[in-house]
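Enquirer: My structure is below; once you've seen it, I'll send some questions.
Derivation of every value follows stated rules applied to the coordinates shown; laboratory data play no part. The shown structure was predicted, so the numbers you read here are calculated from the model rather than taken from an experiment. Heads up, the Cβs are rebuilt from the backbone with ideal geometry, glycines too, and the neighbour counts pull from every protein chain shown.
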Ligand code: ADP
């Protein structure tokens with residue numbers, strides 16, 4: 001009987017999952033994957049085989065939470081893979097704080113440490129911990145591993161992690177942590193396999209999805225990133241503004257009398273592409289298809305701010321050898337990639353238009369001094385890899 005590992009990635013409104021076989025060496029082999037969307041309101045599940053074939057769709061009548069949905073998910077998965085045995089579950093956990101710099105087996109002590117981190121990521125950490133607790137209750141025999149989105153950035157030097165507030169604030173944990181770490185770790189490891197010459201050099205990876213950030217990689221390790229203390233910093237995103245003059249916050253609170261909850265809603269859910277487009281959409285595909293000037297303005301701002309922050313990270317790296325596009329927009333949008341690259345000509349970036357239109361693995365010309373690549377990310381594979389290595393007691397080379 002083959003052993004399997006389930007990777008869970010719980011977001012604000014969805015749960016992504018992927019089941020892997022443990023038989024296939026360093027990178028576990030994908031068996032099936034899927035997502036449950038609109039978790040809190042009208043949960044809908046879609047499950048696909050590794051080749052994309054639809055396996056199952058389920059719509060639940062009642063609004064759900066993790067407690068209600070997880071038992072059904074485990075049943076549905078085991079019905080599809082009767083001959084395999086689930087032995088471990090890996091979780092994406094958004095915040096590991098200063099101390100949790102590598103994936104950890106879940107223990108009572110770890111759960112206490114994670115509870116203590118909730119104030120650092122109030123919107124996400126508790127959501128990530130909930131399925132861990134549910135599974136301890138439902139399936140106490142399963143090993144569980146927490147994989148932190150911040151961990152990959154623990155190699156950032158202090159100068160990149162420090163915030164220019166008085167020192168006692170930093171001592172209290174107010175510093176730049178960075179996020180999307182599982183995605184960047186996956187990209188960095190893939191580069192080592194497919195472009196070893198680049199992985200030793202100075203590379204910027206751009207994770208451009210609904211959430212978006214950049215990571216400066218030196219020798220495969222993060223030395224700076226655009227998200228900071230929270231996932232609000234850095235690039236403009238689907239519904240978040242990215243880096244924002246803190247004076248705006250004071251103005252909203254003091255002059256406009258907005259409550260903290262209203263400001264939080266504005267910053268996490270009503271800004272970015274959605275807000276600037278005048279509520280046309282947070283989805284880049286919809287904006288590209290729109291003929292409204294405000295949609296164009298939102299796209300232009302996204303590109304302008306992205307290129308500017310690439311410049312800042314190129315300075316942190318003291319030059320640039322490679323650039324990687326990943327995540328939804330990065331992997332699938334030739335228009336956005338070209339527009340960003342056109343603003344990077346001063347760095348020596350030159351795009352091959354055909355390769356870019358075809359989403360080719362390398363989209364720069366021979367003459368380009370920066371090699372520009374598309375590397376599809378796979379956070380669930382990274383979670384499964386870490387889970388397997390923790391469960392089997394192996395240490396991965398530089399985990
Ligand atoms: P998440 O951050 O939720 O995991 P994804 O990485 O899937 O999101 O990225 C979602 C974003 O990718 C959306 O803005 C979507 O419009 C965009 N996207 C996906 N495919 C394309 C495409 N072909 N062209 C432009 N944008 C795309």
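Enquirer: Quickly work out the residue 366-to-residue 289 label distance, labels modelled 7 Å from Cα along the C-beta direction, and quote it in nm with one decimal.
Expert: The answer from the label model is 4.0 nm.
Enquirer: Moving on. Using the number of other C-beta atoms within 10 angstrom as an exposure proxy, rank 370, 203 with the fewest first. Can you show the working numbers first?
Expert: On the way: 370 22, 203 27.
The fewest-first ordering by Cβ neighbours comes to 370, 203.
Enquirer: Turning to a different aspect of this structure: Would you look at the GNM of the chain, springs on alpha carbons closer than 10 Å, and say which of 307, 205, 367 moves the most?
Expert: Highest fluctuation among the options: 367.
Enquirer: Give me the one-decimal nm value for the distance between modelled label points at residue 346 and residue 264, 7 Å along each residue's Cα-to-Cβ direction.
Expert: 3.9 nm
Enquirer: Right, another one. Starting with the fewest neighbours, write out 5, 280, 335, 66 ranked by other beta-carbon atoms found within 10 Å of each beta-carbon. Walk me through the numbers before you get to the answer.
Expert: Numbers: 5 27, 280 17, 335 14, 66 22.
Lowest to highest Cβ neighbour count: 335, 280, 66, 5.
Enquirer: When only C-alpha pairs under 8 Å and at least 6 residues apart count, what is the relative contact order of the chain, in percent? Show your work: numbers first, answer last.
Expert: Working: 810 pairs, mean separation 58.0, N = 399.
For the chain, the relative contact order is 15 percent.
Enquirer: Rounded to the nearest 0.05, what FRET efficiency do residue 250 and residue 174 give with R0 = 22 Å and r taken as the Cβ-Cβ distance? Could you check?
Expert: Details: r = 17 Å, r/R0 = 0.78.
Result of the calculation: an efficiency of 0.80.
Enquirer: In a GNM of the chain with a 10 Å cut-off on Cα contacts, which of 95, 197, 207 has the highest mean-square fluctuation?
Expert: Result: 197 has the largest fluctuation of those listed.
Enquirer: Report the extension gain between residue 78 and residue 109 in nm, rounded to one decimal, defined as 0.36 nm multiplied by the number of residues separating them, less their alpha carbon distance.
Expert: On the way: separation 31, 0.36 × 31 = 11.16 nm, distance 3.01 nm.
The residue 78-residue 109 span can extend by a further 8.2 nm.
Enquirer: Let me ask another. List residues of region 147-171, by number, whose backbone nitrogen lies under 11 Å from a label position 7 Å along Cα→C-beta of residue 98.
Expert: Under 11 Å, as judged by backbone N against the label point of residue 98, lie 168-171 of region 147-171.
Enquirer: Next question, about the same structure. What is the order of 177, 169, fewest Cβ neighbours within 10 Å to most? Could you put the intermediate results ahead of the total?
Expert: Working: 177 28, 169 12.
Lowest count first: 169, 177.
Enquirer: If you average the alpha carbon positions of region 302-338 and of region 127-169, how far apart do those two centres end up, in angstrom?
Expert: Cα centres, region 302-338 to region 127-169: 26 Å.
Enquirer: Determine the relative contact order of region 229-282: mean sequence separation of Cα pairs under 8 Å and six or more apart, normalised by residue count, in whole percent.
Expert: Values: 60 pairs, mean separation 21.5, N = 54.
Result for region 229-282 is 40 percent.
Enquirer: Could I ask something else about it? Using Cα-Cα distances under 8 Å and only pairs 6 or more residues apart, what relative contact order does region 51-174 have, in percent?
Expert: Working: 111 pairs, mean separation 42.3, N = 124.
Worked out over region 51-174, it gives 34 percent.
Enquirer: In nm, to one decimal, how far is the residue 243 label point from the residue 193 one, both placed 7 Å along Cα→Cβ?
Expert: 3.4 nm
Enquirer: Another one. Please check: in the Gaussian network model of the chain (C-alpha springs, under 10 Å), which one of 206, 216, 172 has the largest mean-square fluctuation.
Expert: 172
Enquirer: Another question, if that's okay. Given the DSSP H assignment, sum -39500 (n - 2.57) over each helix run of at least 4 residues in the chain and divide by its residue total; what's the result at 222 nm in deg cm²/dmol, nearest 500?
Expert: Numbers: 16 runs with 154 residues, N = 399.
Computed ellipticity for the chain at 222 nm equals -11000 deg cm²/dmol.
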